[in-house]
Amino acid sequence: MASEETRTLKSTTARSSAPPPDGEPLVPATRAWAVRLVVVGIVLSALNLRPAITSLGALLEEVRDGLGMSGSVAGLLTSVPPLCFAVFGVMAPRLARRFGAGAVVCAAMVAITAGLLIRPYTGSTAGFLAASALALMGIAVSNVLMPVIVKRWFPDRVGSMTGLYSMALALGTAAAAAVTVPVTEALGGSWQSGLTVWAALAAAAVLPWIPLVRDRGAAPAEREAAQGVSGHVHARVDGAGPVRQVHARVESPTLRITRSRTAWALAVFFGLQATAAYITMGWMAQIFRDAGVSAGTAGLLLAVTMVMGVPLAFVIPRVATRLPHQGPIVIALGACGLAGYAGLYLAPAAGAWAWAVLLGVSNCAFPLALTMVGMRARTGAGVAQLSAFAQSTGYLISIPGPLLVGVLYQHSGGWGLPIALMVGLMVPQMAVGVLAGRDRTVEDEAAR
């Protein structure tokens, strides 16, 4: 009798008007227009999550000269992105529960647009940092919410949608690195104009989220998922007469994410790969320029590094979701990074294109980390907590790296010590990545 009642409950629940459980799409199938808007919004938003950083990397020398920055201050500037990501990223799940993920991402794109418009014309290092922080705040909350949006709107296509998002992110990163210098020259050689032009792309990313700001249908479901409420269940019990309503509140236990070893391993892995990525974005062009490579070619080399993520960011998540353990991918990417660093030390100009390719492959640890965020939690609420924890903690870990590179570069007068630091960080990145890649979920570990 109990088993029959359970089966009937399940079948009638599927036909009820109750909100879908966490981890399922939050909109009816008939609202296909909303799904298409979400796809467009994800792609356009991802295109804007790195140009604020890589466009600056391509013009870092000009910005330093224009604002009178020392090498240490420039190192601080390259540490601002992970600092903002750590501080503001942790706010994203709470904001999404209160206002809806679409509204928060829309506001984030507005913040990116405003920051990119303002920062080149502040006239001071402090103003430049403050306006950059505004743009990076928008990037931070979007970083955290993108895996959540993918999990909730496309639960059966986490790998392919994460790949699409990661590919768009890599494309935006590479485009900013490749064309910022030529665009700057075409606009008269002003670094201010070269940085400002990226605000137009951010403004375009606001548009697809505007209809979803008014669409509040997802917000109650998100709040119920966060509170562990399953909603009303309509059921017919055999022999019990007409349909009756069972008002059930299924309270899921609070997920204490810090009890999960996998969550910590993923956070450290995220932090170390972010350290390598921001050192690359902030300093690699300067390494090549100091080796005698022209500014335009150095920007192209940085673009090659970034563009490697376009095809690989689509392939790696799909491969990762088909493997029970993602450790082999972690090892392969780390080996490419070690080879690239060795090349930068031994022959930075002679083998520049090869080193750019190898470091580009290594930087694809980022889409792998995003994919593992979606795989290491069973529910949308779990993904939200894991994403916020792994990214905020990870970005905190990554803050000292770019700053240390700037300090070592200024005081040693060369790139030997900074490259040694990069090599020293890659080994533990590989170790914790193997731990994070094990087939388990944070909910199970936190419960134990």
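Does residue 275 qualify as being in contact (Cβ under 8 Å) with a residue 60 or more places away in the chain and out of contact with any Asp or Glu (no Cβ under 6 Å at 6 or more places or on another chain)? The answer is yes for residue 275.
Any chance segment 356-372 includes a residue that's within 18 Å of residue 259 (Cα to Cα) and in a helix (DSSP H, G or I)? Within segment 356-372, one or more residues are within 18 Å of residue 259 (Cα to Cα) and in a helix (DSSP H, G or I). Just to be sure, is residue 303 out of contact with any Ser or Thr (no Cβ under 8 Å at 6 or more places or on another chain), within 26 Å of residue 286 (Cβ to Cβ) and surrounded by fewer than 16 Cβ atoms within 10 Å (Cβ to Cβ)? When the stated conditions are applied, residue 303 does not pass them. Of the residues in segment 44-57, at least one is farther than 28 Å from residue 160 by Cα, open to solvent by 10 Å² or more (accessible area, probe 1.4 Å) and either of a type in the set (D, E, K, R) or out of contact with any helix residue (DSSP H, G or I) (no Cβ under 6 Å at 6 or more places or on another chain) (or both). Residue 65 satisfies every condition listed in (1) surrounded by fewer than 19 Cβ atoms within 10 Å (Cβ to Cβ); (2) modelled with pLDDT under 75; (3) part of a helix (DSSP H, G or I) except (2).
Tell me, yes or no, whether segment 277-298 has at least one residue that is of a type outside the set (A, V, I, L, M, F, W, C) and closer than 19 Å to residue 390 by Cα. Taking every residue of segment 277-298 in turn, at least one turns out to be of a type outside the set (A, V, I, L, M, F, W, C) and closer than 19 Å to residue 390 by Cα. Screening the candidates 200, 186 for the property of being over 21 Å from residue 115 (Cα atoms) and either at pLDDT 80 or above or within 20 Å of the chain's Cα centre (by Cα) (or both) yields one hit, 186.
Mind checking whether some residue in segment 257-266 is open to solvent by 10 Å² or more (accessible area, probe 1.4 Å), polar (S, T, N, Q), in contact (Cβ under 8 Å) with a residue 40 or more places away in the chain and closer than 23 Å to residue 438 by Cβ? The answer is yes; a qualifying residue exists.
The values are calculated or read from the model by the stated rules, or taken from the named source; none is laboratory data. This is a predicted model, so every value here is computed, not measured. When we count neighbours, we look across all protein chains shown, and the Cβ atoms used for this are built from the backbone with ideal geometry, even at glycine. Please note that ligands, DNA and RNA were not included when accessible areas were found on the heavy atoms of the full protein model with its side chains. Shrake-Rupley method; radii C 1.70, N 1.55, O 1.52, S 1.80 Å.
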